[in-house]
Amino acid sequence: MELLTEDIIPEYAREVKAEAREFADEYIAPNAEECFRKGEYPWEILEAGQDAGLVAQDIPEELGGRGLDIVEMLAIAEEFYKADAGIALTLQLASFGAEMIYEYGSEEQKEEYLKPVAAGDQITGLAVSEPDTGSDLAGMTTTAEKDGDEYVINGEKYWIGNGVEADWVTVFVRTSEENDRYSNHSMIIVPTDADGYEAEHIPEKMGMRASKQAHITFKDVRVPEENLVGYENGGFLMLAEFFNHGRIVVGGHGLGMAAAAIEEAWEFVHEREAFGRNVNEFQAVQHGLADMRLEFEAARALNYRAAKKVRDGENAGLWAAMAKTKSTETATMCAEQGMQFHGGRSIFTDRRIARVYRDVRIPVIYEGANEVQRNLIYRQS
Ligand SMILES: Cc1cc2nc3c(=O)[nH]c(=O)nc-3n(C[C@H](O)[C@H](O)[C@H](O)COP(=O)(O)OP(=O)(O)OC[C@H]3O[C@@H](n4cnc5c(N)ncnc54)[C@H](O)[C@@H]3O)c2cc1C
């Protein structure tokens with residue numbers, strides 16, 4: 001059954017979707033189980049993705065990228081996440097934080113930091129979450145204080161993709177203590193070889209094990225004032241804008257994983273026998289599969305509609321939150337049902353359905369827990 005059909009995708013995005021599928025078939029799917037088991041950073045697959053022009057390619061063409069838009073990024077995401085979410089996250093996070101620089105950064109920053117990422121010579125990360133909070137963006141406490149023509153950064157960040165592996169990270173820092181909690185933060189570029197920057201991997205995860213996150217500590221890390229992105233105290237607004245794009249793509253994580261769960265469950269029940277017939281012949285099972293398909297198609301229609309809204313700047317925050325919530329929860333629903341249809345075999349750790357089941361727990365949390373998305377949906381409706 002073909003689930004990630006191209007009919008819903010605008011014509012201009014179909015070519016890159018086909019490239020992503022070819023890459024996923026060749027490099028991601030065949031390595032998924034081993035990468036999950038070992039929990040190691042898939043450097044070789046990342047390099048292959050960079051060579052194939054499928055990593056960091058939302059970066060504009062004049063900076064060496066392909067200037068892919070949000071619809072094209074969604075089309076890539078669903079193909080990659082269907083093949084394996086852990087590897088896909090590593091490929092995607094290689095340019096996490098770059099968008100803010102091509103949107104708001106100076107010409108010098110784009111030249112120095114973005115060109116090497118677009119060329120596949122460097123990777124990056126976006127450091128927002130902290131040990132004490134991930135949801136309360138305005139409550140983040142890591143500080144950057146001005147000292148002459150430098151900023152001095154102190155604090156901790158947690159869950160940061162590529163915090164150990166990246167060449168530089170874009171960091172969300174507190175630069176003011178004003179009453180308006182949405183105007184107290186800034187974005188700043190920090191090279192990971194700066195004195196006082198220390199990062200270690202967080203403990204082993206149960207899902208997306210081929211991606212790596214870090215606990216970073218900043219102790220009197222000094223960066224030149226030129227590393228400020230955009231303007232001082234504009235960080236919250238930049239981040240909110242960035243999440244409108246990010247959440248569309250995270251919806252794509254959900255769609256890919258939902259497709260994987262449906263595919264896997266479908267195949268299993270058509271081969272497994274019980275009571276002298278194939279399991280798919282029970283009407284209860286057929287209805288379960290029908291519900292999975294229904295939810296998947298509804299989520300995908302919403303997600304692509306939302307992608308076009310965000311691309312065209314129409315009420316982006318609302319549509320991005322709806323797409324992220326619906327698609328990631330469709331993935332949890334499909335994985336749960338897929339596990340049930342696998343019977344006892346669902347819990348073998350090397351089974352694809354068991355891997356998907358663990359992976360789907362993550363996108364309902366990252367880029368804003370779905371409760372926070374519901375707050376946005378309510379407020380912006
Ligand atoms: C695999 C992985 C990769 C990640 N990568 C990155 C990264 O690269 N960079 C980065 O900065 N962060 C990253 N994160 C962090 C992620 O964004 C946070 O985990 C997320 O925002 C939730 O924050 P928290 O875990 O601190 O949960 P908390 O903020 O402590 O919230 C815990 C729970 O409380 C509830 N809750 C919280 N606030 C509300 C509310 N307002 N209304 C209702 N309920 C609420 C929700 O159920 C929520 O799940 C990553 C996380 C994971 C798991």
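The values are calculated or read from the model by the stated rules, or taken from the named source; none is laboratory data. Quick caveat, the model's predicted, so the values are computed rather than measured. Note: ideal-geometry Cβ built from the backbone for every residue, glycine included; neighbour counts use all protein chains shown.
Look through the stretch 88-137, keep the residues that are within 16 Å of the ligand (Cβ to nearest atom) and polar (S, T, N, Q), and return whichever of them is nearest to Pro30 (Cα to Cα).
Looking at residues that are within 16 Å of the ligand (Cβ to nearest atom) and polar (S, T, N, Q), I get Thr90.
Considering only residues of the stretch 150-163 that are within 12 Å of the ligand (Cβ to nearest atom) and surrounded by fewer than 24 Cβ atoms within 10 Å (Cβ to Cβ), which is nearest to Ser176 (Cα to Cα)?
Taking the candidates together, the pick is Glu156.
Could we say that Ile189 is surrounded by fewer than 21 Cβ atoms within 10 Å (Cβ to Cβ) and within 21 Å of the chain's Cα centre (by Cα) here?
Considered against the rule, which asks whether it is surrounded by fewer than 21 Cβ atoms within 10 Å (Cβ to Cβ) and within 21 Å of the chain's Cα centre (by Cα), Ile189 comes out as no.
For the stretch 349-370, name all the residues that are among the hydroxyl-bearing types (Ser, Thr, Tyr) and within 12 Å of the ligand (Cβ to nearest atom).
Result: Tyr366, single match.
For the stretch 17-61, what are the residues that are within 19 Å of Tyr113 (Cα to Cα) and in a helix (DSSP H, G or I)?
Answer for the stretch 17-61, where residues must be within 19 Å of Tyr113 (Cα to Cα) and in a helix (DSSP H, G or I): Leu46, Glu47, Gln50, Asp51, Glu61.
Just a yes or no: is a residue in the stretch 221-238 closer than 24 Å to Tyr304 by Cα and assigned to a helix (DSSP H, G or I)?
Yes.
Of all residues being without any contact (Cβ under 8 Å) to a residue 24 or more places away in the chain and part of a helix (DSSP H, G or I) in the stretch 1-16, which is surrounded by the most Cβ atoms within 10 Å (Cβ to Cβ)? Just the residue, please.
Glu15
How many residues, within the stretch 170-186, are surrounded by 18 or more Cβ atoms within 10 Å (Cβ to Cβ) and either within 14 Å of the ligand (Cβ to nearest atom) or among the hydrophobic types (A, V, I, L, M, F, W, C) (or both)?
Final tally of qualifying residues: 5.
Of the residues that make up the stretch 274-288, is at least one assigned to a helix (DSSP H, G or I), farther than 30 Å from Ile70 by Cα, in contact (Cβ under 8 Å) with a residue 12 or more places away in the chain and within 31 Å of the chain's Cα centre (by Cα)?
Yes: the stretch 274-288 contains one or more residues that are assigned to a helix (DSSP H, G or I), farther than 30 Å from Ile70 by Cα, in contact (Cβ under 8 Å) with a residue 12 or more places away in the chain and within 31 Å of the chain's Cα centre (by Cα).
Against the definition (outside the structural domain of Val169 (by TED's automatic domain parsing) and modelled with pLDDT under 95), how does Phe282 come out, yes or no?
Criteria not met by Phe282.
Check every one of the helices (runs of 4 or more DSSP H) wholly within the stretch 62-179 and list those with 3 or more residues that are modelled with pLDDT under 95 and within 18 Å of Val16 (Cβ to Cβ).
Per the criteria, no element qualifies.
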